[in-house]
Amino acid sequence: MSLVLSEEQVLLKDAAADFVRRESPLSRIRQLRDSQDPDGFSRDLWAKMAELGWQGIIVPEEFGGSGLGYAELACVLEECGKALVPEPLMSTVALGTTALLGGASDDTKAALLPEVVAGRTLLALAHHEKGARFDTRRVATLAEPRGDGFVLSGQKTLVWDGHVADKLIVSARTSGAAGDRGGVTAFLIDSGQPGLEIDRQPTVDLRSASVVTMNGVEASAADIIGLRDQGGQLLDEVFDRATVCLCAEMLGNMEAAFAMTLDYLKTRKQFGVPIGSFQALKHRAAVMFTEIELSRSAVYGACQALDAGADDYGQSVSVAKARCSDTAVLVGNEGIQMHGGIGMTDEHDIGFFAKRARASQLSMGDAAWHRDRFAALQGF
């Protein structure tokens, strides 16, 4: 397996880097935070991304997309990660669109995916519940049969971009008990549905999230995504793909934090010389560089395994997430420490990257969880 980008992927990545540099400086993130912007992102910038085709990268051409793979989506997300771009690519594309592609009927795809590609419809996946940790099957939200449909009751937390989503994909239990491997079903519901309450949830890393509460939300059989009682398997497949996307974003995060730290090592002087000339700091910078390159190989390898449909792609996904989780936290911590006192202040941008690293490593399975999963997939 060649862990390098193709010529087309390099062109896409360079174009994304140029767009992010022009349209999304880090100062914008601070402004969105301090102004308490109700959306948490720019809808104008979202429309520009749609013009570039980003929302349709993994969408088949028959539904208005480009018909490309997760490797191409990762190229864009890596560059977005360098600037902590807040637009809902992870929620709408990596999670929501992946779920629709994996389980929605052709009619639902034809109705929704062109709207997503055009930037007119936002999606969110509501799956996480208190105490579930990383288990997609630990679902207490109930979908009780009523007439020809269902009534949903329960609460979801950490729903990325749930407060701006037009459509929510919600996991609910149609049979069995919380933790059972079967009995989970995914439903597509409108954000304005009666009985649905969406409250924005502040997060340390400034990624927009929400608490979604359902009290008697009605859904029909036609709203089921995938098969009844088999939504857990669908969610597992969605999370493998979305995890690789998150890893690509984390890769961009650590690259930017490392570049910022290197720049500081070259310009900050102690005893009349740049602190980067000190051997101990050189060694620590070398460790960061090595770990980032290992993470890059793991992410590119996982993307290739997914796009090739490899039987063991789950192992590659877990390798990538475990590697990126450890490295992102390492680079974030070292970045703050090497910046000294200024790194501990809100005025310096390095803290944004450290916070995003902490939150991302706990999303979709932390390093320990993925190592355990890798061992299980290996038969241990």
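Each of the peptides 269-282, 238-251 was scored by the mean count of other Cβ atoms within 10 Å over its residues; in descending order, highest first, they stand as 238-251, 269-282. Gyration tensor over the Cα atoms of region 35-78: the corresponding equivalent ellipsoid has semi-axes (square roots of 5 times the eigenvalues, largest first) of 24, 13, 8 Å.
Rounded to the nearest 0.05, the FRET efficiency derived from the C-beta distance between Asp263 and Arg43 at R0 = 22 Å is 0.10.
Computed on the Cα trace of the chain, the radius of gyration divided by the Kirkwood hydrodynamic radius gives Rg/Rh = 0.98.
Using the Cβ-Cβ distance between Glu51 and Lys282 with R0 set to 45 Å, the FRET efficiency from 1/(1 + (r/R0)^6) comes to roughly 0.55. Within the accessible area of the chain, what % is carbon and sulfur when the probe is 1.4 Å and the other protein chains stay in place? Carbon and sulfur atoms account for 52 percent of the accessible area of the chain. The order of Asp223, Asp205, Asp34, Asp346 by accessible area, most exposed first and with a 1.4 Å probe, is Asp34, Asp346, Asp223, Asp205.
In region 86-165, Rg over Rh equals 1.00, where Rg is the alpha-carbon radius of gyration and Rh the Kirkwood radius from pairwise Cα distances.
Shown for the chain: lysine pairs separated by 8 or more places, or found on different chains, whose C-alpha atoms are under 16 Å apart, numbering 7.
Placing unit charges on each Cβ (+1 for Lys and Arg, -1 for Asp and Glu) gives region 240-359 a dipole about its Cα centre, and among Ser295, Ser316, Ile342 the Cα reaching farthest toward its positive end belongs to Ile342. Label sites at Glu62 and Asp106, each approximated as a point 7 angstrom past Cα along Cα to Cβ, lie 0.6 nm apart.
Counting only protein heavy atoms and a 1.4 Å probe, region 338-379 has 48 square angstrom of accessible area per residue.
For Ala310 and Gln337, the difference between the fully extended length at 0.36 nm per residue and the C-alpha to C-alpha distance is 5.7 nm. Please report how far the C-alpha centroid of region 113-133 lies from that of region 38-83, rounded to the nearest whole angstrom. If we compute the Cα centre of each part, the gap is 14 Å. Globularity index of region 252-377 is 1.20 (Cα radius of gyration / 2.2 N^0.38 Å, N = number of residues).
Taking all protein chains as shown and a probe of 1.4 angstrom, Trp160 keeps an accessible surface of around 40 Å². For region 84-225, what is the accessible area per residue in Å² when the probe is 1.4 Å? On a per-residue basis, 37 Å². Mean projected area of the convex hull spanned by the Cα atoms of region 184-230, taken over all viewing directions: 4.3 nm².
The values are calculated or read from the model by the stated rules, or taken from the named source; none is laboratory data. A quick note: this is a predicted structure, and the numbers were derived from the prediction, not measured. Neighbour counts run over all protein chains shown; Cβ positions are idealised from the backbone, glycine included. Ligands, DNA and RNA are excluded from the accessible area calculation, which covers all protein heavy atoms including side chains. Shrake-Rupley method; radii C 1.70, N 1.55, O 1.52, S 1.80 Å.
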